[in-house]
Amino acid sequence: MSGAFLNETPVASPQDNPVALTKSPYIAAAAEALQNYIRNTARTWYKDGVDPNDDVRKYAFQRLRETWFTPEVDPKFKLRREDKFYAIGSCFARGLESSLAGHKMAVESVAPEFAKLQPANKEGSGLGFTNKYNTYSILNELCWALDPDAEFPRASIVQLTNTTWYDPHTNPTLNFVSLEETLERRALMQAVTKRIKECRAVILTLGLAEVWRDVQADVFVNCTPIPSLFKKYPGRYQFHLTSFAQNWANLEAIHALLSSYGHPDFHVVVTVSPVPLMNTFSTMDIVVANTWAKSLLRAVAQEWASAHPNVDYFPSYEIVQNSDRAAVWEDDLRHVRGRGAQHIMELFLRKYIE
């Protein structure tokens, strides 16, 4: 592993492994495909003459009438209650780790040391500053914590005022502090991230496909730079609409990193956050931009899961999108209500935990 994880061309370049992006992720002989059809009880959307309100709920058009959509889930593997878990990714990962911790499971990403880092906005999530919104920032954080040859790009930490600094690899929910304290926070986050090495169960939540790059430090950052930086450092930050191939390469690099430095029997459950974009810096309507981004991330998550026996996709995104809108969404149509998150976690625990 090397610092190449940090910049625009990830180590696991798709050009180095073109088969991964050109070969069908699953090929079955006709006999196997027909067996899939027979065994899959959730295979059919609609049938003429069937009562839409039939309690059996055999068809999708019946199940989609329920308040809470419950997809059929057939996990590749099982996780154990005694396993250590690590959740990394967008804000939806915080909800997942909170639910796991609430069920008395060991969640290493919920570090007690983080209690002293309180958000500036009291309405914010206590661990919101750990959110990692894109595949570059997830890869970066793991690389800096695990790869002994990788160095954190200190030049990417920028000065805001005479006394305050900003780490663009976090979510800016904490008060801005001195350079010394900013670096102390950074060291703490990396120390906690190292604990993923002890975790057999990793939950990875993909959030954004719109990404910003610090041209000067040659590194992708976690989220949109705070507005004052565009004035203070004009030309320093560059906006990217990332591609399937870029995100695929980042996920492959994450898998290689965990294979080299992670738990010897690690398993990854990858999800896509249903929380939509707040803003877009593209020319698209925000709804169109969000659909594009979530579609891309959903597709790459499936491709990645198909490529590895120890990676599985869990359809939290589909559960939210296909549940009753009034029940699942807060008034902003952006955040999932507590009951929706509970429904998701009940299904996850029922299907994945032995």
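Below is a table of values for the structure above.
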{"item": "Filter result for the condition that a residue is crowded, with 21+ Cβ neighbours inside 10 Å and farther than 23 Å from residue 257 by Cα, over 102, 128, 95, 89", "result": "95"}
{"item": "Residue check, residue 221 among the β-branched types (Val, Ile, Thr) and crowded, with 22+ Cβ neighbours inside 10 Å", "result": "yes"}
{"item": "Pick from segment 134-157, criterion of a type in the set (Asp, Glu) and open to solvent by less than 20 Å² (accessible area, probe 1.4 Å), ranking: farthest from residue 205 (Cα to Cα)", "result": "147"}
{"item": "Cβ-Cβ under 9 Å pairs, at least 6 apart or on other chains, segment 111-125 side at pLDDT below 75, far side of a type in the set (Phe, Trp, Tyr) and open to solvent by 70 Å² or more (accessible area, probe 1.4 Å)", "result": "120/176"}
{"item": "Segment 256-296: number of residues that are of a type outside the set (S, T, N, Q) and under 16 Å from residue 205 (Cβ atoms)", "result": "13"}
{"item": "Residue satisfying condition, being among the acidic types (Asp, Glu) and under 17 Å from the mean Cα position of the chain (by Cα), within set 184, 210, 198, 180", "result": "210"}
{"item": "Given (1) in contact (Cβ under 8 Å) with a residue 24 or more places away in the chain; (2) touching a strand residue (DSSP E or B) at 6+ places or on another chain (Cβ under 9 Å); (3) surrounded by fewer than 16 Cβ atoms within 10 Å (Cβ to Cβ), index of the condition residue 42 fails", "result": "(2)"}
{"item": "Test for residue 282: is it under 19 Å from residue 92 (Cβ atoms) and touching a helix residue (DSSP H, G or I) at 6+ places or on another chain (Cβ under 7 Å)", "result": "no"}
{"item": "Segment 277-301 residues that are more than 17 Å from residue 250 (Cβ to Cβ) and touching a residue at least 12 places away in the same chain (Cβ under 8 Å), paired with ones that are of a type in the set (D, E, K, R) and outside any loop (DSSP other than H, G, I, E, B) (beta carbon under 8 Å, 6 or more apart)", "result": "277/210; 280/210; 281/210; 282/210; 289/210"}
{"item": "Selection count where residues are assigned to a helix (DSSP H, G or I) and aliphatic (A, V, I, L, M), scope segment 83-98", "result": "2"}
{"item": "Selected residue (criterion: least open to solvent (accessible area, probe 1.4 Å)) from residues of segment 263-300 that are under 18 Å from residue 85 (Cα atoms) and part of a loop (DSSP other than H, G, I, E, B)", "result": "266"}
{"item": "Subset of segment 158-214 [of a type in the set (D, E, K, R), open to solvent by less than 60 Å² (accessible area, probe 1.4 Å) and in contact with a strand residue (DSSP E or B) (Cβ under 8 Å, 6 or more places away or on another chain)]", "result": "185, 195, 200, 210, 213, 214"}
{"item": "Failed condition for residue 333, given (1) in a helix (DSSP H, G or I); (2) aliphatic (A, V, I, L, M); (3) over 20 Å from residue 60 (Cβ atoms)", "result": "(1)"}
{"item": "Unmet criterion (only one of (1) within 15 Å of the chain's Cα centre (by Cα); (2) under 22 Å from residue 129 (Cα atoms); (3) open to solvent by 30 Å² or more (accessible area, probe 1.4 Å)) for residue 227", "result": "(1)"}
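One line per residue, one yes/no per condition, for (1) of a type outside the set (Asp, Glu); (2) within 27 Å of residue 252 (Cα to Cα); (3) part of a loop (DSSP other than H, G, I, E, B):
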site	(1), (2), (3)
137	yes, yes, no
141	no, yes, no
145	yes, yes, no
148	yes, yes, yes
152	yes, yes, yes
163	yes, no, yes
172	yes, no, yes
187	yes, yes, no
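The values are calculated or read from the model by the stated rules, or taken from the named source; none is laboratory data. In this text, all values refer to a predicted model and were calculated from it rather than measured experimentally. Positions of Cβ are backbone-derived with ideal geometry, glycine not excepted, and every protein chain shown enters the neighbour counts. Just the protein is used for accessible areas: all its heavy atoms, side chains included, with ligands, DNA and RNA removed. Shrake-Rupley method; radii C 1.70, N 1.55, O 1.52, S 1.80 Å.
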